[in-house]
Amino acid sequence: MSATPPNKSPVSSRLRRGGRRYVTWLTLSLMSFVGLMVLIVYEARWVYPEIQAYFSQTGSLTGQQLATRARGYVQRAQEKLLMASSPVELGEARLSLDLAYGLFDVHIYRQYYACTASSLALIDELAELIDAQQIDPFDAAHALFIPVECLTRIEMDQLDRRGMAINDFSSSTRRHNQVLIYSSLLIFVLGLLFWAMHERQLRRTHRYR
């Protein structure tokens, strides 16, 4: 004759159910706070790459200052040519043109500005004529106004693009910060709610013991 299993007491059943709820509420509260930490870490990792993307000095029309420096060297060459009275001063003007050409000869400028190729060709031609002494220094200085105008146009366009990039970045950052604040607040409130439920269930479980 098989033995009849003893009936489970209501108290022990309630304790087991309370223990399961205890683990559930505790897990949910911990997951909420972990989610908050993940959101904060994501924010920290998001800001730096975005700033780099908007203000990087490489491969970006908004970040490069090469046109400004190239224009400075072209204008310095003009000054040397206008005051040239010796081969030394012509050599200094020639060096300034080489430096300007190196800073101006950028792929992104060739790609976006039609005046770049013709201006570079003019600088190269003038440099050869200066070396061969086949051009009057005053005429060479006057011809350099064409690349100066092109470089000035590039600078102005860079300023416009930089302003647009800053506005876009500010708007994007503002929206992202709002999402971060509301998400963090929601996760924090849920975590507190789950923790309060866990504490209430814990006190209820202690009363049954």
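Among the residues of region 88-130, count how many are in contact (Cβ under 8 Å) with a residue 40 or more places away in the chain, closer than 16 Å to Ile146 by Cβ and among the aromatic types (Phe, Trp, Tyr).
Result for region 88-130: 3.
Among the residues of region 94-112, write down those that are open to solvent by less than 60 Å² (accessible area, probe 1.4 Å) and either of a type in the set (A, V, I, L, M, F, W, C) or in contact with an Asp or Glu (Cβ under 8 Å, 6 or more places away or on another chain) (or both). Don't jump to the end; show me each part of the working.
Quick first cut of region 94-112, residues open to solvent by less than 60 Å² (accessible area, probe 1.4 Å) only: 94, 96-97, 100, 102-104, 106, 108-109.
If the condition is that a residue be open to solvent by less than 60 Å² (accessible area, probe 1.4 Å) and either of a type in the set (A, V, I, L, M, F, W, C) or in contact with an Asp or Glu (Cβ under 8 Å, 6 or more places away or on another chain) (or both), then Arg94, Leu97, Ala100, Leu103, Phe104, Val106, Ile108 are the ones that fit.
Within region 113-209, considering only helices (runs of 4 or more DSSP H) that don't extend past its boundaries, which have at least 3 residues that are hydrophobic (A, V, I, L, M, F, W, C), open to solvent by less than 80 Å² (accessible area, probe 1.4 Å) and over 28 Å from Arg69 (Cβ atoms)? It would help to see each step written out before you state the result.
Numbers: elements: 115-131, 137-143, 145-208.
The helices (runs of 4 or more DSSP H) meeting that bar are 145-208.
The values are calculated or read from the model by the stated rules, or taken from the named source; none is laboratory data. On a predicted model such as this, the values are computed, not experimentally measured, just so you know. Neighbour counts are summed over all protein chains in view; Cβ atoms, including those assigned to glycine, are modelled from backbone coordinates with ideal geometry. Note: areas computed on protein heavy atoms with side chains; ligands, DNA, RNA excluded. Shrake-Rupley method; radii C 1.70, N 1.55, O 1.52, S 1.80 Å.
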